[in-house]
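Trainee: Please see the structure below; I have some questions.
Taken together, the values in this text are just the output of simple stated rules run on the coordinates, not laboratory data. Predicted model only: the values in this text are computed from it and were never measured. Here the Cβ positions follow ideal geometry from the backbone for every residue, glycine too, while neighbour counts run over all protein chains shown.
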Amino acid sequence: MKILAIESSCDETAAAVVEDGRKVLSNIVASQIDEHRLYGGVVPEIASRRHAENICGVVSEALSAADLDFSDIDALAVTYAPGLIGALLVGVSYAKGLSLSANLPLIPVHHIAGHIAANYITHRDLKPPFLCLVISGGHSHIVEVTDYTKFHVIGRTRDDAAGESFDKVARTLGFPYPGGKYIDEAAKSGSRTAFRFTHPKISGGEYDFSFSGLKTAVINLVHNAEQRGEPISKEDVAASFQKTVADILAEKLSAAAKDLGYRKIVVAGGVSANSGIRSKMKVAADALGAELYLPELTYCGDNAAMIGAQGYYDFLAGKRAGPELNAVATLSLDDI
Ligand code: KG4
Ligand code: ZN
């Protein structure tokens, strides 16, 4: 079964064709990041306008890259939640129009479920149940994936998402937006033990995260050094910060996997591209005797192939949408 998938929840206009949830026939991503970078973050109004301009071209390109036309497509999948409302609306409206005109079933897909499903593309043998750490620009969750369409969020961030803390620390160090990958790069030549940051203490919610205290500690360290006119190594700050985030994530995920008896651990979302986090997760999984699944770098960030992968399993579970489908800015995985 071939699904044409559309993703427009943030600043990438993306379309892909995916066969049977696992095989990517095409994957087109038009990034707007160069424009948003000028403002130090994603500007929602600009994102919506660019999606509207790009979506037709991106969809045509996804079909032609797969050497297919609409008559070869069996269903459409679209991200309807969560994300920037105006950005989501472009994809949702386009997909609804296409579904009506081409007479194709429409599958509404949750963006975070899509990030998790990116792993089905990379690992053809991966099947639920498993425990998943979702780390993206807007979300940090520990999720029990009990079936392809059944999710139970057992841990979440109390404040900043992991990616958000990377981006804010990167900005303080003078890196462009979004700064996660620059921290990753700088960390490679820095010392992970140059600075010691404490892990947050969180009452209740034993698998919850908090990154804002760590972010503030790093920002204060850099600003204090600047005010005293003392040089500070960006590489050392990046490496020490990245190590602390990786340790916190690994600690929580390991505790959850141990308590709940999971032997399959999956990582998903834009921040799963981070090399320090990837290697720390391997160490953590080995210590637990668990199998670790990481998405290929191509499928870590926002893309439509992951929406096509999840869309396939949502289709099998009977999920369909009609003209009443609306975009939803905030929607927990627990509630779909
Ligand atoms: O999943 P994603 O593409 O978008 C959301 O759904 O939020 O995640 C984007 C986030 C940004 O915060 C970006 O800085 C971060 O992923 N990111 C990284 C790396 N590559 C992207 N963070 C750390 N290290 C990386 N290599
Ligand atoms: Zn995302």
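Trainee: Can you tell me, using C-alpha contacts under 8 Å and at least 6 residues apart, the relative contact order of region 126-295 as a whole percent?
Mentor: Across region 126-295, relative contact order equals 26 percent.
Trainee: Normalised by the number of residues in the chain, what is the relative contact order in percent for Cα pairs under 8 Å and 6+ residues apart?
Mentor: 25
Trainee: While we're on this one: Report the relative contact order of region 192-236, percent, no decimals, based on alpha-carbon pairs under 8 angstrom and at least 6 residues apart.
Mentor: Dividing the mean separation by the residue count of region 192-236 yields 38 percent.
Trainee: Work out, step by step, the length gained on full extension between Ser191 and Leu68: first 0.36 nm times the residue separation, then minus their alpha carbon distance; give nm to one decimal.
Mentor: 39.3 nm
Trainee: If you don't mind, another one. Write down Rg/Rh for the chain, rounded to two decimals, with Rg from the C-alpha atoms and Rh from the Kirkwood relation over Cα pairs.
Mentor: When Rh is taken as the Kirkwood radius, the ratio is 0.98.
Trainee: Ranked by Cβ crowding within 10 angstrom, fewest neighbours first, how are Cys300, Cys56, Cys132 ordered?
Mentor: Fewest-to-most Cβ neighbours within 10 Å comes out as Cys56, Cys300, Cys132.
Trainee: Sort His111, His199, His123 by Cβ crowding within 10 Å, fewest neighbours at the top.
Mentor: If I rank by nearby Cβ atoms, fewest first, I get His199, His123, His111.
Trainee: If you take every DSSP beta bridge whose two residues both sit in region 3-118, what share of them, in percent to the nearest 5, is antiparallel?
Mentor: Looking only at bridges with both residues in region 3-118, the antiparallel portion is about 60 percent.
Trainee: Could you give the DSSP H helices of the chain that reach 27 angstrom or more along their long axis (alpha carbon positions) and whose average Kyte-Doolittle hydropathy is no lower than -1.0?
Mentor: 44-65, 234-260
Trainee: Among DSSP bridges having both ends in the chain, what percentage is antiparallel? Round to the nearest 5.
Mentor: Counting only bridges with both partners in the chain, antiparallel ones make up about 60 percent.
Trainee: Shifting gears a bit: Restricting to DSSP loop positions (anything but H, G, I, E, B) with no more than 14 other Cβ atoms inside 10 Å of their own Cβ, which trypsin sites (Lys or Arg not before Pro) remain in region 182-280?
Mentor: Lys188, Arg196, Lys201, Arg228, Arg263
Trainee: Which value at 222 nm does the chain reach when only helices count, each DSSP H run of 4 or more adding -39,500 (n - 2.57), with the total divided by all residues and rounded to the nearest 500 deg cm²/dmol?
Mentor: Here the helix-only value at 222 nm equals -14000 deg cm²/dmol.
Trainee: Can you give me the distance in nm between label points at Asn103 and Glu291, each placed 7 Å from the Cα along the Cα-to-Cβ direction?
Mentor: It works out to 4.2 nm between the two label points.
Trainee: Another one. Pairs Lys23/Lys215; Lys127/Lys258; Lys23/Lys264; Lys150/Lys252; Lys264/Lys319: which are spaced more than 29 Å apart, C-alpha to C-alpha?
Mentor: Lys23/Lys215
Trainee: Using amide H atoms built in the peptide plane, which far-off residues or other-chain residues are under 5 Å from Ser140 H to H?
Mentor: Excluding prolines and chain starts, which carry no amide H, the hits are Thr157, Ala162.
Trainee: If neighbour count is taken as other Cβ atoms inside 10 Å, put Ser8, Ser189, Ser71, Ser31 in order from fewest to most.
Mentor: Ser71, Ser189, Ser31, Ser8
Trainee: Let me ask you something else. Apply 1/(1 + (r/R0)^6) to the Cβ-Cβ distance of Asp334 and Arg263, taking R0 = 25 Å, and write down the FRET efficiency to the nearest 0.05.
Mentor: 0.60
Trainee: Related question: Name the trypsin sites (Lys or Arg not before Pro) in region 73-176 that are in a loop by DSSP and that have at most 11 other C-beta atoms within 10 Å, would you?
Mentor: Arg124
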